[in-house]
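In what follows, a structure is listed as structure tokens, so that the remarks can point back to it.
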Amino acid sequence: MVMRILQKLVLAVVLISLLSVYMPFPVAGADEVVTFPDFSLEAAIRDAIEKPAGAIYQSEVGNLTKLKAENLGISDITGLEYCDGLTDLSLAYNQISNINALSSLTNLGRLSLRDNQVSDISALSSLTGLIELDLMDNQISDISPLSGLINLTELTLRGNDISDISSISALTNLTVLNLWDNQVSDISALSNLNSLETLDLEVNQISDISALSNLINLVNLNIWNNQISDISPLVENSGIGTGDYVSLAGNPLSDKSKNDYIPQLQQRGVKGLEGFGPQPTEEDGDEQPTPEDGGPVINGGDEDEGKLNAGVVIGTILGVLVVVSAVYFFVRRGTEAESDEVEEEDEDEDEDKE
């Protein structure tokens with residue numbers, strides 16, 4: 001009896017072993033149901049995977065490579081951590097503040113978080129495959145998590161609260177960098193970013209642009225509305241020339257910059273400098289002083305111009321009257337002469353009759 005029981009147990013173990021080889025049990029969590037607390041994000045996911053109803057599984061969202069969920073009022077991105085196949089993600093124009101769910105999306109090449117409420121970007125430090133990153137119009141002040149994203153070619157940080165940009169000094173593959181409307185004063189970190197072609201630094205607190213002298217690949221440079229007086233580094237930059245664009249408006253440029261450096265850049269074919277250039281000085285003998293400078297009034301001021309116009313009108317009227325009078329005089333004289341001739345002829349006829 002005991003032997004039969006043992007035999008059955010051995011047989012059962014063997015059968016279970018065989019079943020485990022040919023029919024393996026599913027691994028827990030291999031295809032879990034994924035939930036998205038934010039209904040707007042869930043709707044965007046369902047649209048992307050073409051599944052309007054039913055449970056959403058990890059295998060379904062894991063196959064997504066591109067997701068565009070813009071301007072949907074999304075505030076919670078929990079669940080996106082399972083979309084680890086994404087290479088292109090845009091969450092622009094939402095109300096997102098916490099982006100921790102993005103830290104596992106290491107396949108991302110393009111990411112836009114434009115116009116959200118993000119202040120902490122530490123979750124991005126692991127996304128070393130990023131090529132394009134748009135963080136415009138957020139509440140970011142610390143960009144140190146970006147220091148290791150060495151594959152970035154385009155970085156947009158416009159409209160934040162950034163003052164320290166030292167963290168991007170190693171991002172030497174950057175071709176486009178936008179720091180418009182921040183609190184930047186020191187741009188020395190840019191001196192080694194030799195691949196830069198487009199650089200936007202307008203509306204900051206920059207006074208020293210010596211770091212730009214080495215950026216020989218620059219094509220578009222916007223540095224208006226800063227505190228720059230000396231633009232000699234732009235002249236020293238041998239790469240800035242024909243067809244390149246430089247915007248300097250709204251800076252307290254020195255006389256030397258206006259009278260010397262800008263003409264040199266213009267001679268090299270640089271665009272965007274219209275309205276700048278040499279200013280008249282006391283030594284310029286050919287320059288005529290304006291009335292505002294105390295010089296002679298040419299053609300009068302507004303009051304004199306009015307008087308002049310009135311004189312022209314009166315003179316014209318008098319001239320017309322003179323011409324009309326002359327014509328009238330000659331016509332009348334001609335008429336009187338004809339009358340006299342007719343009277344003489346009548347008198348001659350009367351004499352003949354007599």
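Only the coordinates and a few stated rules stand behind these numbers; no lab work does. Nothing here was measured: the structure is a model prediction, and the numbers come from that model. For neighbour counting, all protein chains shown are included, and Cβ atoms are generated from backbone atoms with ideal geometry for every residue, glycine included.
If R0 is taken as 41 Å, the Cβ-Cβ distance between ALA43 and ASP255 corresponds to a FRET efficiency of 0.10. Note on ALA170 and ASP120: with the Förster distance fixed at 22 Å, the Cβ-Cβ geometry gives a FRET efficiency of about 0.55. Working from Cα pairs under 8 Å separated by at least six residues, relative contact order for region 64-280 is 10 percent. Charge dipole (Cα centre; +1 on Lys/Arg Cβ, -1 on Asp/Glu Cβ; no other charges) of region 64-280 amounts to roughly 440 debye. Computed over Cα pairs, the Kirkwood radius of region 47-145 leads via Stokes-Einstein (0.692 mPa s, 37 °C) to a diffusion coefficient of 240 µm² per second. Electrostatic tally near TYR57: other residues with Cβ closer than 10 Å to its Cβ, Lys and Arg +1, Asp and Glu -1, net -2. Per-residue extension of 0.36 nm, minus the Cα-Cα distance of ASP142 and GLN95, leaves a gain of 15.0 nm for this segment. Here the average projected area of the convex hull drawn through the C-alpha atoms of region 151-236 stands at 4.7 nm².
For region 39-94, trypsin sites (Lys or Arg not before Pro) meeting the loop criterion (DSSP other than H, G, I, E, B) and having at most 15 other Cβ atoms within 10 Å: none.
A crude spin-label estimate for the pair THR128 and THR106, with each label 7 Å from Cα along the Cβ direction, gives 0.8 nm. Taking 0.890 mPa s as the viscosity and 25 °C as the temperature, the Stokes-Einstein diffusion coefficient of region 64-280 based on its alpha-carbon Kirkwood radius rounds to 135 µm²/s.
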